[in-house]
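The values are calculated or read from the model by the stated rules, or taken from the named source; none is laboratory data. From a predicted model like this one, the values you see are computed outputs, not experimental measurements. No Cβ is skipped: glycine too gets one built from the backbone with ideal geometry, and neighbour counts run over all protein chains shown. Just the protein is used for accessible areas: all its heavy atoms, side chains included, with ligands, DNA and RNA removed. Shrake-Rupley method; radii C 1.70, N 1.55, O 1.52, S 1.80 Å.
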Amino acid sequence: MLVVVLATTVLAIGVLIAKAIMLKWTQRLLLAEAAHGALAEAALLLASVAWLINMYGVISVFGYPGQAVSLLPARQVRHTEHGVVDLVPAWVAPTVVVLFAAAALCLLLAAGLALRRGKIPFISRKGSLR
């Protein structure tokens, strides 16, 4: 599990670094010419940012004794005499959920546009038998 978390974190950092380099070289926010490619690229960027914010939430609780409740979105609680205290900053979970939802929406729209334009082999509606 730890290997997967580290690998995906490194991958997300790599995606954002590559995007920064390409932005500097090309002066274009999205590289894809077609709408479905731009939406897929936006989905990858949104998911990368969401994952890194989630990992910030995970790392922010190091050093505090607590009980891990979930990894995605990051949540760790500590039981005190006054009740349960959430150790992860309050803004992390809603931000991660909104960014992942936006990424999923972009991905669904990209798949729909690619399907409509016949860019997905064996699935496209162009040339189908009726």
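Miscellaneous remarks
- Nonlocal amide H pairs with residue 75, under 5 Å, H built at 1.01 Å: 69, 70
- Spatially, region 72-100 and region 1-59 are offset by 23 Å when compared through their Cα centroids.
- Residue 51 - accessible surface, heavy atoms, 1.4 Å probe, Å² rounded to 10: 40
- Column: log10 I(q)/I(0), Debye, Cα scatterers of the chain, q = 0.11 Å⁻¹: -0.54
- For 79, 36, the ranking by accessible surface with the largest value first comes to 79, 36, using a 1.4 Å probe.
- Our coupling estimate for region 96-107, obtained by passing each phi through the Karplus curve with A = 6.51, B = -1.76, C = 1.60 and θ = phi - 60°, is 4, 5, 5, 5, 5, 5, 5, 5, 5, 4, 4, 5 Hz, Gly and Pro reported as x.
- If you plug the beta carbon distance of residue 85 and residue 29 into 1/(1 + (r/R0)^6) with R0 = 35 Å, you get a FRET efficiency near 0.30.
- Among the protein heavy atoms of the chain, carbon and sulfur supply 72% of the accessible surface, probe 1.4 Å, non-protein parts ignored.
- Projected label distance in nm at residue 2 and residue 68, using a 7 Å step from Cα toward the beta-carbon: 0.9
- Per residue, the chain exposes an accessible area of 69 Å² to a 1.4 Å probe, with every protein chain left in place.
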